[in-house]
Structures are given as C-alpha cells and as structure tokens.
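The values are calculated or read from the model by the stated rules, or taken from the named source; none is laboratory data. Quantities reported herein were computed from a predicted structural model and do not represent experimental measurements. Neighbour counts are summed over all protein chains in view; Cβ atoms, including those assigned to glycine, are modelled from backbone coordinates with ideal geometry.
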Amino acid sequence: MTGSGQPPSTPAGSALDPVTTSLWCVVFAVIATLLQLAQPVWFDADTGYHLAVGRLIREHGVLHSFPWTPFSWLAEHYADTELAFHLLLAALADLSPNLASKIAGVLLGTTLLSTALLVLRAERVPSPGLWVLLALACSGAFIVRFAMVRPHLLAVTLTVLLPWAVLRRRFLIAGLVALAYPWCHLGWISAPGVVGICELARWLGGERPDWRPMLLTVGGVTAGLLLHPNFPQIVEHAWIEIGHTLMASAWGKRGELPIGGEFRALSLVSTLRFVLLPGTLVVGSLVLAVKGRRERPVALAYALTAAVFLGLTLASQRFLEFLAPTAAMAAGLALAHRGRRLAPLMLALSVVFTALVSQPLFHRLLNRTDMFPRPITKLLDQTIPPGAQVFTCDWQLTGEMLLALPGRRFMVALDPILFQREDPRRFREWLALIRRPPPEPARWVGQRFGARFVMCEASEQWRPFLSALWHDPGARLRMNRLPWVVFEIAPVHQGAKGL
C-alpha cells in the first residue's frame with residue numbers, strides 16, 4: 001500500500017467499468033431472488049420472530065418492552081439488537097409475511113454480494129464477480145445461511161466492508177460502519193477486533209500502525225450504542241447472548257441450558273463438507289498474503305480476518321456466514337495478479353464439490369414444512385383467544401407463533417437463556433415439567449405459569465408430557481391436528497405468573 005492510501009497499480013483493464021459492475025449486481029440480485037423463490041416457506045424459524053417484531057413496531061412504534069413473552073428477560077428489559085433489520089421489516093409489514101421475507105432477503109443478499117464486489121473492484125482485483133460467486137460456491141452451508149432472512153446478512157456486509165475502509169483510510173465509511181453496527185447485530189463487539197487485525201496487517205506490511213481507525217471505531221460503536229433507543233439494555237443483552245449462550249453454554253458445555261444447533265460445532269463429516277473449501281482458501285491466501293504483505297496489506301488483513309473466523313467456525317458453526325465471504329475475498333486479493341486464470345477454475349471446482357456434498361442440506365432448504373398452514377392457523381385462532389397465556393414445550397418456534405397468533409402471550413422467544421436470566425427457579429421448573437412430567441401436570445402449568453392453554457408440537461420428544469396431560473383430568477384436549485396439539489387447563493388450576 002502506498003503512503004497515499006491508494007490501491008497499488010495493476011494491469012490495465014483489471015478494474016470493472018460501471019456498466020459491468022451494475023450487471024454483476026443484477027446477477028447477484030437474480031441469484032438472491034431465485035434462492036428466495038425456491039423456498040416455499042422461509043427456512044429458519046427465527047425469521048417468523050423477526051417478521052413479528054417488524055409488525056409490532058409498525059403497530060406500536062419502537063419497542064421498549066415485550067409483554068408477549070412474559071417469562072423472558074426481554075419482557076421488561078427489551079433490547080432490539082437488530083433494530084435496523086426490524087425497521088426494514090416494519091416497512092414491509094403491510095405485505096404477506098412470506099412476500100415480506102422474500103423481498104427483505106433479496107435486498108439484503110444483493111447488498112452483501114455487491115459490497116464484496118465493490119471492495120474487490122476498488123482493489124482492482126481481476127474478475128471480482130467470480131470471486132464473489134466463489135464465496136457462495138465454496139460452502140453449501142453458507143448458501144443456506146445466505147438464503148436465511150436474518151440480520152446476520154447486515155452484519156456480514158459491514159464486516160466485509162470494514163477492513164478495506166480502515167486500511168484505505170476511508171474514515172467516513174469506517175465511522176458509519178461502526179455507528180451502524182449496534183443497530184444491526186449484537187456482534188458489534190467484533191468491530192474493534194477487526195480493526196485491530198487491520199492494524200496488525202499494516203504493521204506486518206512495514207507501516208506504522210494508525211491509532212485513528214481504532215479510536216474512530218470505538219467512538220462510532222459507542223455513539224451507536226448511546227443513540228440506540230434501548231440503551232443500556234442493548235449492552236446487557238449482548239453480554240447475555242455472547243457471554244452466556246455462546247461462551248458458557250455452547251463452548252462451556254453447560255448441559256442445563258438448551259441451545260440452538262447453530263451454536264454447536266460441526267461434526268467432522270459436516271466440517272469436511274462445508275468448511276474444507278473455505279478453510280483451504282484461508283490457508284492458501286494467508287500464505288500468499290504473508291509473502292506479499294508489504295505490497296498488499298489489504299490482502300493480509302482479509303486473510304487474517306478469515307483465519308479468525310475459521311477458528312470460530314470450528315468452535316461454532318454460526319460463524320460460517322462470516323468465514324466464506326472473507327475467505328473468498330482474501331483469496332481474490334492474494335491472487336490478484338493470477339486471478340483472471342484461477343478464478344474460473346476455482347469457481348468451477350467449488351460448484352462441483354458443493355453440489356455433490358450438499359444435496360441433503362439443499363433438500364431441507366427447499367422442503368421445509370410450513371408449521372402454520374392457513375387451515376391450521378385458522379383453527380388455532382378459533383381455539384386460543386387473544387390475550388391468553390400459552391404454555392409451550394420449546395422456544396424455537398415462538399417467533400412463528402407470535403406471527404400466526406398475534407395478541408397471545410407465550411413463554412420465551414429467541415433464546416431460552418433469556419428465560420433463565422429472568423427467573424432461574426421457574427426456568428428449571430419449566431425444563432423439569434416438559435422433560436420429566438409429573439402424573440398430573442395441569443396444576444403446575446396453570447398455577448406456576450398462569451397458562452390457560454398448552455400448545456406443543458406433536459413430536460416424539462414431547463410425547464411423555466402430552467401423554468401426561470391426556471390422562472390429567474385438569475386438562476382438556478382442544479386440538480390435535482398435525483403438527484400441533486393444544487390442551488386447555490381447567491380454571492381451578494389457573495393462576496398468575498407471579499405465584
């Protein structure tokens with residue numbers, strides 16, 4: 001990198017003209033659209049939660065409490081760590097949920113890929129569009145994560161932009177990224193870490209580290225937090241999710257707390273299927289970037305960043321959405337002078353490999369069961385009146401429950417640790433009740449949780465609890481239509497939450 005902070009000179013014609021850049025953005029939009037249209041219903045249940053929050057914001061304004069899940073820490077300490085994403089969904093709230101999710105997915109997916117393209121274009125990487133496609137092609141799991149309509153799409157976009165803005169001293173862009181991060185994702189704490197990696201790359205490249213980007217980033221993140229309408233709860237929420245859910249439960253292996261599969265490490269077979277190619281890109285680009293560190297510190301910064309995400313991905317698969325794009329960008333930057341020949345070959349090999357090993361995962365993406373088809377939703381709406389407290393066996397589908405049955409109250413959404421944080425004793429009672437039910441559980445459901453209805457998925461894991469309710473005279477079966485079973489608790493057993 002030159003002292004002026006401009007990209008190094010490269011062969012003539014290596015940069016894309018505006019028309020070609022625009023055409024590539026159209027290609028990315030088509031890919032994002034096809035991935036959304038191929039899904040009959042959104043793949044990830046959390047999408048329902050985000051859509052429900054968008055509708056609630058449209059109806060009530062920015063939320064400061066969440067009474068629809070009264071047993072959650074969020075009920076009284078609401079912190080919207082993805083407010084920007086929810087504001088986008090609020091703008092689409094007049095559309096059907098399925099259409100709103102697809103539009104949001106196309107917009108955010110196109111923005112992510114186009115941002116990566118613009119960074120590579122600014123660095124005059126030959127065939128930058130092919131390197132961006134390599135990010136998708138190198139991992140079937142990343143394709144699935146890319147197709148999910150969730151706020152990590154915003155976080156990845158900010159992460160792929162920040163190293164370039166820091167090393168090219170585009171301080172306005174870096175400051176805006178830092179400012180936006182606390183409004184987009186709870187991973188805002190990672191922004192200073194990325195800047196630290198960039199300064200390490202600058203130092204390894206023979207330059208003196210610059211203190212201004214770190215000061216600007218920390219200041220921008222701090223300003224974003226202070227300006228957030230849910231400050232200071234947003235800081236505590238981030239600590240709960242990162243410190244307790246990820247570090248203590250997923251990495252610390254605390255068995256009491258059930259966590260989603262995305263927090264767990266991939267199996268060896270899945271690692272070979274979904275991390276082998278991006279991992280190879282990381283190792284190769286890191287070797288080349290270290291050798292050329294004085295000429296291309298930007299390549300080294302992306303290679304180091306991708307290496308960190310590789311380590312995190314091996315510990316928790318939810319970081320794969322950061323690994324794949326940074327790995328592909330690092331490879332493109334490290335192979336800048338050979339990319340015109342290597343990019344098509346690497347892309348073709350990745351397409352073949354991913355197509356061969358990812359078929360079961362793609363099948364799940366394209367064939368997820370609709371948990372709330374219209375006839376079932378209508379029947380549930382007639383069975384469970386608005387305002388009712390509903391006891392549920394799990395938390396993963398609460399978001400879709402909120403969307404399908406507005407006005408009802410459920411146990412906890414997003415993460416069970418938010419229940420444990422609010423009321424540890426009652427949380428343990430909930431787990432014991434659904435895992436090892438007593439002979440007559442209706443009394444416990446009604447008096448300890450103030451619930452009038454029980455609504456659980458008709459799956460094998462809840463069979464003992466549902467069977468106990470079936471034999472309990474204090475519970476009456478109101479609905480048994482796959483995939484849902486609903487019981488009503490006798491009035492004599494109903495109590496308040498605070499009992």
**Fill in**
Over region 450-487, the set of residues surrounded by 19 or more Cβ atoms within 10 Å (Cβ to Cβ), touching a residue at least 60 places away in the same chain (Cβ under 8 Å) and charged (D, E, K, R) is 452
**Asked** Residues 207, 236, 241: which one is among the acidic types (Asp, Glu), modelled with pLDDT under 95 and not in a helix (DSSP H, G or I)?
**Response** 207
**Request:** Would you point out which residue out of 132, 144, 119, 106 is within 9 Å of residue 332 (Cβ to Cβ), modelled with pLDDT of 95 or more and not polar (S, T, N, Q)?
**Result:** 132
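Can you tell which of 425, 421, 448, 452 is in contact with an Asp or Glu (Cβ under 8 Å, 6 or more places away or on another chain) and closer than 30 Å to residue 242 by Cα?
On the way: 425 fails: in contact with an Asp or Glu (Cβ under 8 Å, 6 or more places away or on another chain); 421 fails: in contact with an Asp or Glu (Cβ under 8 Å, 6 or more places away or on another chain); 452 fails: closer than 30 Å to residue 242 by Cα.
Residue meeting the stated conditions: 448.
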**Message:** Taking the criterion of being farther than 23 Å from residue 395 by Cβ and either free of Cβ contacts under 8 Å to residues at least 60 places away in the same chain or buried (at least 20 other Cβ atoms within 10 Å of the Cβ) (or both), would at least one residue in region 65-85 satisfy it?
**Reply:** no
**Request:** Among the candidates 463, 481, 448, 476, single out the residue that is closer than 16 Å to residue 385 by Cβ and either assigned by TED's automatic domain parsing to the domain that holds residue 408 or of a type in the set (Val, Ile, Thr) (or both).
**Result:** 476
**Prompt:** Within the set of pairs 6+ apart or on separate chains, which have a first residue in region 292-317 that is over 25 Å from residue 264 (Cα atoms), a second that is of a type in the set (Phe, Trp, Tyr) and part of a helix (DSSP H, G or I), and C-beta atoms under 8 Å apart?
**Reply:** 298/164
**Prompt:** Given the conditions (1) over 23 Å from residue 294 (Cα atoms); (2) modelled with pLDDT of 95 or more; (3) crowded, with 23+ Cβ neighbours inside 10 Å, and given that residue 188 satisfies all but one, which numbered condition is not satisfied?
**Reply:** (2)
**Criterion: without any contact (Cβ under 8 Å) to a residue 60 or more places away in the chain and either farther than 20 Å from residue 406 by Cα or surrounded by 22 or more Cβ atoms within 10 Å (Cβ to Cβ) (or both) - qualifying residue of 100, 141** = 100
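Okay, residues lined up against (1) out of contact with any Lys or Arg (no Cβ under 7 Å at 6 or more places or on another chain); (2) of a type in the set (D, E, K, R); (3) free of Cβ contacts under 8 Å to residues at least 60 places away in the same chain; (4) surrounded by 24 or more Cβ atoms within 10 Å (Cβ to Cβ):
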{"position": "112", "(1), (2), (3), (4)": "yes, no, no, yes"}
{"position": "115", "(1), (2), (3), (4)": "yes, no, yes, no"}
{"position": "128", "(1), (2), (3), (4)": "no, no, no, yes"}
{"position": "146", "(1), (2), (3), (4)": "yes, no, no, yes"}
{"position": "172", "(1), (2), (3), (4)": "yes, no, yes, no"}
{"position": "178", "(1), (2), (3), (4)": "yes, no, yes, yes"}
**Request:** Evaluate the following for residue 114: is it of a type outside the set (Lys, Arg) and closer than 29 Å to residue 346 by Cα?
**Result:** yes
**Conditions (1) among the small types (Gly, Ala, Ser); (2) assigned by TED's automatic domain parsing to the domain that holds residue 180; (3) part of a helix (DSSP H, G or I); number of the one not met by residue 93** = (3)
**Filter result for residue 217 (surrounded by 19 or more Cβ atoms within 10 Å (Cβ to Cβ) and within 15 Å of residue 325 (Cβ to Cβ))** = no
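Residue-by-condition table, conditions (1) within 24 Å of the chain's Cα centre (by Cα); (2) outside the structural domain of residue 128 (by TED's automatic domain parsing); (3) more than 23 Å from residue 202 (Cβ to Cβ):
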{"residue": "310", "(1), (2), (3)": "yes, no, no"}
{"residue": "326", "(1), (2), (3)": "yes, no, no"}
{"residue": "329", "(1), (2), (3)": "yes, no, no"}
{"residue": "352", "(1), (2), (3)": "no, no, yes"}
{"residue": "360", "(1), (2), (3)": "yes, no, yes"}
**Asked** How many residues are of a type in the set (D, E, K, R) and crowded, with 17+ Cβ neighbours inside 10 Å if we restrict to region 268-294?
**Response** 2
**Message:** Out of everything in region 191-206 that is more than 18 Å from residue 238 (Cα to Cα) and of a type in the set (Gly, Ala, Ser), what residue ends up being surrounded by the fewest Cβ atoms within 10 Å (Cβ to Cβ)?
**Reply:** 206
**Fill in**
Residue hits (region 258-290; at pLDDT below 70 and either among the small types (Gly, Ala, Ser) or in contact with a Phe, Trp or Tyr (Cβ under 9 Å, 6 or more places away or on another chain) (or both)) are 258, 260, 261, 263
**Message:** Checking the condition of a type in the set (Phe, Trp, Tyr) and touching a helix residue (DSSP H, G or I) at 6+ places or on another chain (Cβ under 6 Å), which residue from 353, 391, 362 passes?
**Reply:** 391
